[in-house]
Every structure is written in structure tokens, then in C-alpha cells.
1. Convert 25 °C to kelvin, take the viscosity as 0.890 mPa s, use the Kirkwood radius over C-alpha pairs of the chain as Rh, and evaluate the Stokes-Einstein diffusion coefficient in µm²/s, rounded to a whole number.
2. For the full complex of protein chains and a 1.4 angstrom probe, list His65, His277 by accessible area with the highest value first.
3. Starting from the Cα of Lys213, draw a straight line to each of the lysines and keep only those under 18 Å, dropping any in the same chain fewer than 8 residues away.
4. Out of segment 81-111, which GluC sites (Glu not before Pro) are coil in DSSP terms and have no more than 15 other C-beta atoms within 10 Å?
5. I'd like the distance between the alpha-carbon centres of segment 97-134 and segment 159-185, rounded to an integer number of Å.
6. How large is log10 of I(q)/I(0) for segment 107-161 at q = 0.20, 0.29 Å⁻¹ when the intensity is taken from the Debye formula with one equal scatterer per alpha-carbon?
7. Quantify, in whole percent, the carbon and sulfur part of the accessible surface of the chain (1.4 Å probe; protein heavy atoms only).
8. If Val92, Val399 are ordered by their accessible area, calculated over protein heavy atoms with a 1.4 Å probe, which sequence runs from highest to lowest?
Amino acid sequence: MKLSSTAKLRIVTLAIATIFTASIGSFVTYQSYQNSLSTLDYAIDSTVADAVKSPGQELSAALFHIDEFALDLSLLLLSRDGAITTINESTVELFNEITLSEAALATKKIQEGRALHDYRFRSYEISGGDYLIVAGSSEAANSRLKNGLLSVLIATIFTSLIAFLLLTLYMRRLKERDDEDALSRMQAFLGDASHELRTPLTVIKGYVEMLSKGMMTAEEDKSRAYLRVNSEIGRMETLIHDLLLLAELGESAQRENEVIDLSDVLSAHGQDFATLHPERVVELEISPQIQIMGVRDYYSRFIQNALNNIARHTDSEVPVRISLTRNGKSARLIVEDGGSGLPDSAYGENIQSLNRFDKSRSRESGGSGLGMSIMAAVISKSGGNLNLRKSALGGLAVVAEIPTYRE
């Protein structure tokens with residue numbers, strides 16, 4: 001299933017919000033957990049340190065330290081024969097047995113244990129081979145960690161929901177604005193299209209009425225009438241075909257994109273144009289092996305429209321230059337001529353579908369007047385943009401920036 005750009009944006013936004021919230025929350029929770037353990041370890045170490053400073057009175061020194069600082073620690077004496085004597089019991093009962101090997105290991109550094117509850121302990125060997133053991137419960141730190149992670153989970157879910165709702169509202173408002181703009185352009189477009197259809201229909205209707213009423217008797221007049229009717233029918237067919245192509249380009253379920261070697265497609269059309277117009281100077285400056293994602297038929301139509309516009313609207317000796325180069329992560333396709341160009345107001349525009357710049361040109365040349373709209377729609381489907389500028393040759397330069405394909 002192919003995801004839409006809106007769905008991809010939502011997924012990426014939610015992923016970023018989730019990762020950011022979970023990362024920050026987990027980091028803070030883990031730091032809090034480590035701080036709790038560090039506090040417990042410091043209490044245990046300081047108690048053992050006071051015992052070490054009082055040879056022969058280790059038990060009294062350790063007990064005094066616990067009482068003086070009101071520490072919730074257990075103080076035990078482990079004899080050489082493994083018997084445990086409790087000197088001071090913490091509020092949480094930690095364990096009821098410990099081995100001599102465990103006690104010996106704990107003389108080097110604090111150890112962790114699990115019996116009745118999770119605990120941490122350290123020992124000190126006193127005279128006679130007995131061990132003084134200082135232990136404290138780590139249940140509070142563990143509980144803080146669990147609660148913190150639960151809070152992180154709840155905060156992450158909440159943040160993701162808020163991000164989703166805000167993004168949905170933003171996308172909805174953006175879509176409403178785009179829909180309004182599209183509706184406005186569509187209304188203007190439909191007005192133009194209906195006018196273009198009405199014009200040939202009026203001509204056809206007029207000639208048909210004159211022929212049906214016998215108002216044209218001369219064979220020469222009849223022949224001219226039939227030619228005009230046939231010409232106007234051809235105009236209507238072209239217009240309807242272009243309208244259908246624009247509708248297809250506007251459908252969300254368009255044809256599947258494929259990897260296109262734009263260099264080959266452009267070279268083929270450029271060479272065909274040069275062959276069919278030998279009186280023109282046609283320059284081809286096409287870099288090899290530039291690939292894009294798109295529909296080959298659409299790009300063929302794009303190139304044909306650009307070249308047909310030149311053939312229709314410029315003199316036969318006007319020079320033409322067709323170029324394709326890499327521009328960072330994009331391909332820059334330029335079709336330019338040395339003709340008279342467009343009105344100054346048209347240059348520099350970022351063309352959108354349904355734009356029309358000179359409505360009279362379609363009537364003069366027999367086109368539908370929708371060529372530029374089709375060209376803009378083709379480039380837009382590939383995520384590119386189409387602009388018009390004054391050509392160095394003196395006429396119009398159609399400039400398309402198209403994202404290149406990268407494996």
C-alpha cells in the first residue's frame with residue numbers, strides 16, 4: 001500500500017514527538033534512579049568508613065553513624081561459622097542469610113542482592129575473621145524507576161495524541177485553503193474551457209444551419225464550409241483530449257511511476273524536432289544518464305507541448321536550444337527559443353495547472369490553450385516546479401526543476 005504525503009508527514013511527526021518525549025523522559029527517570037542509588041551507596045560507604053576509622057570498636061562506630069544521621073540501614077555481624085546477628089534492622093527486612101563468600105566479595109565494593117527485597121550491601125572484615133555488614137533497601141529507587149517509566153509512557157502517549165490532533169487541525173486548515181485556491185482556479189478554468197468549446201460550436205452550428213437551409217449553393221462555398229466545420233471539430237477534439245489528460249493528472253490514483261532516463265527521452269524528442277524542422281538551428285545540450293521518477297508518457301507529452309508551442313508561435317527560422325543538466329539533487333530541463341516570448345508579466349511565475357497566459361494564442365494556432373497547464377501538472381506530479389523566464393536567445397525559456405532518482 002502506497003502512503004500519501006500527508007500520511008507520511010503524520011507518521012514522521014508522531015515518530016519525532018514520540019522519540020523526543022520518550023528519550024527526554026527516560027533520561028530524566030534514569031538519572032533520578034541513579035541519584036537514588038548513589039545516595040544509598042554513599043550512606044552505606046560512609047557508615048563502613050566510620051567503622052574502619054575505629055579499630056576494635058567497629059560495631060559501635062557504625063551504629064553511632066546510623067543513629068546520628070538517621071539512616072535507614074541494617075547493621076549485621078556475620079561470624080566465621082556463618083551465623084548472622086542483627087545489630088540494627090532497617091524499616092524493610094532485607095534478608096535472613098548471607099554466605100561468607102558473598103561477604104568477602106562485598107569488602108571490595110558495594111554488591112546487589114535479592115532476597116526478601118532488593119538491597120545493596122557492603123562488608124568489612126573485623127578482628128577474628130568476622131564480617132560487619134551494612135545493607136540498605138533499593139526498593140525505593142526501583143519503585144521510583146518503575147513509576148518514572150510509567151509516567152514517561154503516559155506522557156509519550158499524551159504528547160503523541162496532542163501532536164496528532166494539532167497536525168490534523170493544521171493539515172485540515174491547509175487543505176481547506178488549498179481547496180479554496182483550487183476551486184477558484186477551477187472556476188476560472190471552467191469558464192475559459194466553456195468559452196473555448198462554445199466558440200467552435202457556434203461556428204459549426206452556423207455553417208450547419210446555412211447548409212441545411214440551402215443558403216450555400218456554390219460548391220466552393222460548401223467546400224469552404226465543410227473545411228471550417230472539420231477544422232472546428234478538430235479543435236474541440238484537441239480541447240477535450242487535453243481536458244481529459246488534465247483530469248488524469250489530477251487523479252490521486254494516477255499511473256504508477258517508474259524510473260525514466262530523462263536524457264534519452266529528451267534526446268529522442270530533440271532529434272525528432274531538429275529533423276522535422278531543418279530550417280531551424282536546434283542546439284541539444286543534454287547531460288547523459290539523468291534519471292527521474294515519473295510516467296514516461298506524461299514526460300513525452302511535456303516535451304512535445306514545449307516544442308509544439310515553439311513551432312506554433314515562432315517563425316520557422318527562430319533558433320531553439322534544449323538543455324538538461326544536474327543541479328544538486330534536481331535535474332534542470334530548459335526548452336528555449338529566440339522568438340518574441342511572452343508578456344513581461346508572465347516571466348518568473350511559478351506555473352500551476354489551469355494557468356493560461358495568452359488566451360488568444362490557442363485560437364490563432366488551433367491549440368486548446370491548455371498546453372502550459374498540462375506541462376505544469378506533469379512536473380508537479382514528480383514534485384518539481386515549472387517557471388518561465390526570458391531566454392538568452394531572446395524569446396521564452398521554459399525551466400523545469402525535477403528531483404532526480406537516487407537508488
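1. Values: Rh = 29.2 Å.
The diffusion coefficient I find is 84 µm²/s.
2. Working: His65 15, His277 40 Å².
If we order His65, His277 from most to least accessible, we get His277, His65.
3. Of all the lysines, those that pass the test against Lys213 - Cα under 18 Å, at least 8 places apart if same chain - are Lys205, Lys222.
4. Details: sites: Glu89, Glu93, Glu97, Glu102; in loops: Glu89, Glu93, Glu97.
Passing sites in segment 81-111 are Glu89, Glu93, Glu97.
5. The distance from the Cα centre of segment 97-134 to that of segment 159-185 comes to 64 Å.
6. -0.78, -1.06
7. After summing per-atom areas, the C and S share lands at 54 percent.
8. Values: Val92 40, Val399 15 Å².
Result, largest first: Val92, Val399.
The values are calculated or read from the model by the stated rules, or taken from the named source; none is laboratory data. Nothing here was measured: the structure is a model prediction, and the numbers come from that model. Cβ coordinates were reconstructed from backbone atoms using ideal geometry, including for glycine residues, and neighbour counts include every protein chain displayed. SASA here: full protein model, heavy atoms, side chains in, ligands and nucleic acids out. Shrake-Rupley method; radii C 1.70, N 1.55, O 1.52, S 1.80 Å.
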